Amino acid sequence: MEVAAAPAGRVELGFVEKAPAWRLRSEQFPSKVGGRPAWLGASGLPGPGALSCARCGRPLAFLLQVYAPLPGRADAFHRGLFLFCCREPPCCAGLRVFRNQLPRKNEFYSYEPPSENPPSEAGESLCLRLKSGAHLCRVCGCLGPKTCSRCHQAHYCSKEHQTLDWRLGHKQTCTQPEFEIVIETEDEIMPEVMEKDDSEITGSMGEALEEELDSMAKHESREDHIFQKFKTQIALEPEQILRYGRGIEPMWISGENIPQEKDIPDCPCGAKRIFEFQVMPQLLNHLKADRLGTSVDWGVLTIFTCAESCTLGTGYTEEFVWKQDVTDTP
């Protein structure tokens, strides 16, 4: 399901739901979590080098994708963002995100919207093959020239991904859990309600602190204020795993490690990058630790993309991810 442009100040929320395999195919333009990426365009796919952890060098695993076309942009009628993470302990820290966009008339998809009815072969396994006949890696979704010698059905881009997939479940099963991301518009919170909550938090904290701890109290008060505001907002829709709002301000979980403008690199085209969406900690509840590594964790993952959403032909370009962890908060 695609995210839609919302009025100023409004946010689109993402929730996970089980969906039949056919709804998660590329031709349905899904937003989804897990499994393998439903690549938007088959040309210029990121290779093993681009899908490697910048920290440890190991292959990254697909985390989620968001279908986010831009209204009024003919060259971005179809537009997708693909997020990958490292799941190799003790690293489990590398993150990379890629963007691709296409006009409505393109070589890959019909000009008409996809059918809402399941195809006749909907009961079959999700196909891991491009229309050209090339197979895709079961782990990362890039080209997979190597084949499992036992079943001859699973394909991989590298021996490392074949070994990783064997250890993570291919020995028992040939499927990986995946979910559709469904989108709803967040209900507007009355400003006076938020202001009241914030003042009560600050006031209660002031009563609890001693004079000699004033300097520490200022820091703790700010931290608690931000965290409590985060919790208050999330409590309205506690199952949300994603917040989308291109060009708005992210919702931080902590006052620590908030990026400054200089921390967000410009796009190679020269344009600034702006916030587009963030992944919430609730998603961790839907990810199996034995698949993503016991050390995978985050407070929020914020994705920044080219403000101009520059035209890239049919290729993929890398955007920017900022990871904010949870700090020790009262």
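Between a first residue in region 244-261 that is modelled with pLDDT of 95 or more and a second residue that is among the charged types (D, E, K, R) and assigned to a loop (DSSP other than H, G, I, E, B), which pairs have beta carbons less than 7 Å apart while being 6 or more apart in sequence or on different chains? Within 7 Å, no pair qualifies.
Residues in region 16-58 that are in a helix (DSSP H, G or I) and under 17 Å from the mean Cα position of the chain (by Cα) were compared, and the one that is nearest to Asn285 (Cα to Cα) is Leu24.
Of everything listed in (1) modelled with pLDDT under 95; (2) farther than 18 Å from Lys146 by Cβ; (3) among the basic types (Lys, Arg), the single unmet condition for Lys32 is (1). If the condition is being buried (at least 22 other Cβ atoms within 10 Å of the Cβ) and in a loop (DSSP other than H, G, I, E, B), then region 62-87 contributes Ala68, Cys86, Arg87.
Among the residues of region 106-123, are any part of a loop (DSSP other than H, G, I, E, B), open to solvent by less than 30 Å² (accessible area, probe 1.4 Å) and within 27 Å of Leu242 (Cα to Cα)? Checking region 106-123: not a single residue is part of a loop (DSSP other than H, G, I, E, B), open to solvent by less than 30 Å² (accessible area, probe 1.4 Å) and within 27 Å of Leu242 (Cα to Cα).
The values are calculated or read from the model by the stated rules, or taken from the named source; none is laboratory data. Computed from a predicted model, the values in this text were never measured in an experiment. When we count neighbours, we look across all protein chains shown, and the Cβ atoms used for this are built from the backbone with ideal geometry, even at glycine. Just the protein is used for accessible areas: all its heavy atoms, side chains included, with ligands, DNA and RNA removed. Shrake-Rupley method; radii C 1.70, N 1.55, O 1.52, S 1.80 Å.
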